Every structure is written in C-alpha cells, then in structure tokens.
There are 2 protein chains.
Amino acid sequence: MSARISDSAVRRLSLYLRMLRELGRGGVELVSSSELAARTGATSAQVRKDLSLFGSFGKRGRGYAVGPLRETLEEILGLTQAWRVCLVGVGKIGSALLGYRDFEARGFDIVAAFDSEPAKIGREVFGITVSPVSELASVVRERGVEIGIVATPPEAAPQVADALAAAGVEAILNFAPTELQDVDGVPVRTVDVVLELEGLSYLLSAARRRDAADGEPA
Amino acid sequence: MSARISDSAVRRLSLYLRMLRELGRGGVELVSSSELAARTGATSAQVRKDLSLFGSFGKRGRGYAVGPLRETLEEILGLTQAWRVCLVGVGKIGSALLGYRDFEARGFDIVAAFDSEPAKIGREVFGITVSPVSELASVVRERGVEIGIVATPPEAAPQVADALAAAGVEAILNFAPTELQDVDGVPVRTVDVVLELEGLSYLLSAARRRDAADGEPA
DNA sequence: CTTGATTTGTGAATACTTTCACAAGCCCAC
DNA sequence: GTGGGCTTGTGAAAGTATTCACAAATCAAG
C-alpha cells in the first residue's frame, strides 16, 4: 500500500487530474482508461496501473466516474487545501510568476515576495508588496509559508534555499540555473529552461548526424 | 555505439557541461568523476557511464581534462553552433523569456516573436519586434528558425504547435499547460510550472499523512 | 624499474518502470 | 436471468536505468 510513488507517476496523475477537470466542465460523467490515456499521452495500462497504486476507483466494464476520480486525485495530490507560497527574486521571471494568476486558481497562494535590491523593496507587483530578504525568516514564519520559489540569479540561489529551509519552508521550486541539492530534507524541484533547450539541441544535432551518416534521406 | 540515449542522461550531460565551464573559469584543468558527481548531484559511476556512452575521454588514475571534455560535451549536445529560435505569445511569460539574455549567451538566438493581439504587433520587446502570427510561416522560413517556443494560453497552444511544425521548425519548447503530443515527428518538451508545484504538493501531503500515521514524530 | 595510490571504463547485478495479457466484474438487451 | 460486449485491476514479463565492483591504466616517488 505504501510503496514509494515515482515522480513520473505523480506527474501523470497531475495530467489525469487536469483532463478530468476539463471533462467535468464539458459535462462528461464517465471516462475509460484508454480515453484518459489518449488525452494525456500515456497508455491505458499505465493509467490503470498509476491509479491502482492508490486504490480501486473504476467500474469494470464502464470506466471511471469523472467527478469522484477528480476528487480522489485532488486528495492524493494534496490539492484540497491551499498552499502558502513565497517568491524570492522579483526580476523578470519572478515578476512574471507573480502575475501568473493561474497559481491561485490551482490552490497555490503567493503570500509574500522578497528581493535584495533596495529599489524594489516596498514596490507592489501584481498585488504583492516586495519585502527585503533580510525579513525572509520572520515573514515566512508569520505567514506560515510552506513552499518557496527561488527566482534569483544562480549565485544567490544556494544561500536563499538554505535561508528558506531554515525558516521552515517545506519544499522549494527553483528557477535558477543551479543544481540545488535537497537542503536539510526539504525537497527541491528545478525548472531549468536552458537545460530543456539543450535537450532539444541534442535531439536536433543527433538527428542531423544520423541523416548525414545515412546519406541525407528525403 | 548508437544506442538511444535517455533524456535523463542528456540532462545530466548538460549539468556536467555547466560545471565544467565553471571549473574552467576557475582555472581548474583536471576533474575526477567523483568531483563532477558531487557538484551535480549524480554518482561517480553515473558520470563515468554517461560519458562512456559517447567514448572514452578520461585518463585512468588522473580524471578528465576540463577543457577538452567541455568541448566534447558541447559537440555532443550540439552547442558548437547557434540555434535560431522564435517565440509565440508575448504575454507575461513570453516577455520574461525575451528578456532572458542568458539564451543568447548559451547559443540560442531569439530571431522572431509573434502574437495574435493587434495591440502588441510592431511593439519592440527587449530588442525583438513582435510580428503577427499570421506571418509565422513566412518569417520562420525566411529566418531559418529551427526551434519554436510556445508561450500562449493553453487553448491556442495545439494550433500554434501545428503551425510551427508545418512551417519547418524542428523542435518545440512548450510553456503552455497543455500536453502537446509530438507533432509530425517534431519533438516537444513541456515546462509546466503548475505540474511542478503539484509534484511538491504531493510530497508534502504524503509526508504529512505519514507523520500523522506514525504518531506525529518530532 | 618497481611499488603504491589513484581513477577510469565497463560487464554483471540490482532496482525500477512500463507493457502485456487475461481473469473478474459490470451493464445492457432480450 | 442469461449472454455478450466492454473495461478494470493486476500478476508476470519485458524493458530501462542505476549501482556495484574490479581489472586495466596512469603517474609519482624512491
């Protein structure tokens, strides 16, 4: 019952949930594993296996009830509560994230923002007032922040992550192009755009090498 | 020699490369697999295995020569050339990406930007003039764009991706929260911030469930 | 030249994930 | 109520990825 669930399985659960919400809005009440699979890029067996890690939610011969399964997945993913989030680094990317109102709709409330640059302190960005990083610890504690977003330059990221963890943040989302080891048991996810582009670059140049070797097919 | 290389291996190669550049700037000339591993969150065996997929670059008893290995990895990842990139959707995230000058430094030149909103057409954002999406096909062809970035709302993303593929783009980086199947053999990577946050939410609530079950330890 | 301290490169072993394939269950039609 | 068409849930099989562990290579010291 409590085997560790892989990151990729959790990621797929999020995708299933997204699709279930869409189906629900469209009034659909029942969905089969193969429909869900087709719409999320998975296979039907994978959908069933992923869901079976947590229980038995479908009806044989019929499929899954959209509403109840949606609620179950929200429960599993911890989305029945709102999480309190803070953001450190109100630069270009940080500001864009503050303005991304989808977060709130998805249960992630940004309740504080920090920057080290004096010119930015006190400024209000998309409804959030920017505080000085020196107040990070106290504000995080006061407002019960659970998730921290790091959107600073790479040099500052490790210290900021440490400070967040020390202040009691329980998980970190990192946008700085730096590998941040899990700090003190606090899980870190990194979103690294350059890394993604380099992954595509690899695919393209590998394809070109292959084409060249195979005599440049059509 | 030409077994398929996994995405995760390629991602690690990018991290090694990043670290090698840093070491090179610091004047370091030789690095061992275990040093590289410690700095990138991998294991030394993994570093050696990843590199051995492409050849034999180290010296037994000594380690890897920083400069030459950096060049080899740049070659493997296709980073010895500059890639031409376009961006579709000049909203909050799109603008932030246009301003992210690191792209150019890493060999990804943004040579065009598109939007469907008339108010944005012709405006110059961080040095790039916004063109109407109606001109996407012609501009992509004219300027030889190889990689397309999708930063539109989710509803528009699938059509935009199709249009990019049809116009001859060879790879797509997607920021819209929509699963985009690989279009017509064009590889797609998706960066989905909400998905990452939901992954963290899962970890947090799983940890809490565990704590509650184990009688709330310290 | 030999010894010893390193560190690579890599088969073999382990661990993890995905896919297969089918019995068990469900519902509709008659 | 019985038959037939579907679809789930899940062990077993296949496929991938990671880790282990060690022979082969390198170099410095004496």
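A few remarks follow.
- Within the range B:35-51, being in contact with a Gly (Cβ under 9 Å, 6 or more places away or on another chain) and either within 12 Å of DNA strand D (Cβ to nearest atom) or of a type in the set (D, E, K, R) (or both) holds for B:E35, B:R48, B:L51.
- If the condition is being closer than 15 Å to B:V194 by Cβ and touching a helix residue (DSSP H, G or I) at 6+ places or on another chain (Cβ under 6 Å), then the range A:22-50 contributes only A:T40.
- Single condition B:L98 does not satisfy, out of (1) under 30 Å from A:T40 (Cα atoms); (2) free of Cβ contacts under 8 Å to residues at least 40 places away in the same chain; (3) in contact with a helix residue (DSSP H, G or I) (Cβ under 8 Å, 6 or more places away or on another chain): (3)
- Selection from the range B:98-124 of residues that are within 22 Å of the chain's Cα centre (by Cα), more than 19 Å from B:L164 (Cα to Cα) and of a type in the set (A, V, I, L, M): B:A105
Conditions (1) within 24 Å of B:T129 (Cβ to Cβ); (2) of a type in the set (A, V, I, L, M, F, W, C), marked per residue:
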position: B:S6; (1), (2): no, no
position: B:E35; (1), (2): no, no
position: B:A38; (1), (2): no, yes
position: B:V47; (1), (2): no, yes
position: B:R60; (1), (2): no, no
position: B:F108; (1), (2): yes, yes
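- Search result, residues across the range B:53-92 that are of a type in the set (K, R) and touching an Asp or Glu at 6+ places or on another chain (Cβ under 9 Å): B:R84
- Scanning the range A:147-179 for residues that are surrounded by fewer than 16 Cβ atoms within 10 Å (Cβ to Cβ) and not in a helix (DSSP H, G or I), we see that the one that is farthest from the other protein chains (Cβ to nearest Cβ) is A:G168.
- Qualifying positions in the range B:52-69 - within 14 Å of DNA strand D (Cβ to nearest atom) and among the aliphatic types (A, V, I, L, M): B:L53, B:A65
- A:Y16 being more than 10 Å from chain B (Cβ to nearest Cβ) and either away from DNA strand C (no atom under 15 Å from the Cβ) or assigned to a helix (DSSP H, G or I) (or both): yes
- Counted residues, the range A:1-38 - those being aromatic (F, W, Y) and within 17 Å of A:R62 (Cα to Cα): 0
- The residues of the range A:20-34 that are farther than 15 Å from A:P68 by Cβ, in a helix (DSSP H, G or I) and away from DNA strand C (no atom under 16 Å from the Cβ), listed by number, are A:E22, A:R25.
- Which listed residue, of A:S95, A:S56, is hydroxyl-bearing (S, T, Y) and under 23 Å from the mean Cα position of the chain (by Cα): A:S95
- The lone exception for B:C86 - which of (1) within 12 Å of chain A (Cβ to nearest Cβ); (2) within 15 Å of the chain's Cα centre (by Cα); (3) touching a residue at least 40 places away in the same chain (Cβ under 8 Å) it fails: (1)
- Any hit, the range A:15-27, residues being surrounded by fewer than 21 Cβ atoms within 10 Å (Cβ to Cβ) and either within 9 Å of DNA strand D (Cβ to nearest atom) or on the phi > 0 side of the Ramachandran plot (or both): yes
- Residue in the range B:70-92 that is within 14 Å of DNA strand D (Cβ to nearest atom) and touching a Ser or Thr at 6+ places or on another chain (Cβ under 6 Å) present: no
- Residue list for the range B:114-129, filter: touching a strand residue (DSSP E or B) at 6+ places or on another chain (Cβ under 8 Å), surrounded by fewer than 23 Cβ atoms within 10 Å (Cβ to Cβ) and hydrophobic (A, V, I, L, M, F, W, C): B:I121, B:V125, B:I128
- Per-region count, the range A:52-106, residues buried (at least 19 other Cβ atoms within 10 Å of the Cβ), closer than 17 Å to A:L15 by Cβ and touching a strand residue (DSSP E or B) at 6+ places or on another chain (Cβ under 7 Å): 2
- Among the residues of the range B:1-14, just one is modelled with pLDDT under 95, within 13 Å of DNA strand D (Cβ to nearest atom) and small (G, A, S), namely B:A3.
- Listed by position, the helices (runs of 4 or more DSSP H) enclosed by the range B:41-146 that each have at least 2 residues that are at pLDDT 95 or above and within 16 Å of DNA strand C (Cβ to nearest atom) are B:44-52, B:66-77.
- Number of positions in the range B:33-59 that are of a type in the set (S, T, N, Q) and within 14 Å of chain A (Cβ to nearest Cβ): 3
- Tallying residues that are at the interface with chain B (Cβ under 7 Å from one of its Cβ atoms) and at pLDDT below 90 within the range A:180-218 yields 1.
The values are calculated or read from the model by the stated rules, or taken from the named source; none is laboratory data. Given the structure is predicted, the values throughout are model-derived calculations rather than measurements. When we count neighbours, we look across all protein chains shown, and the Cβ atoms used for this are built from the backbone with ideal geometry, even at glycine.
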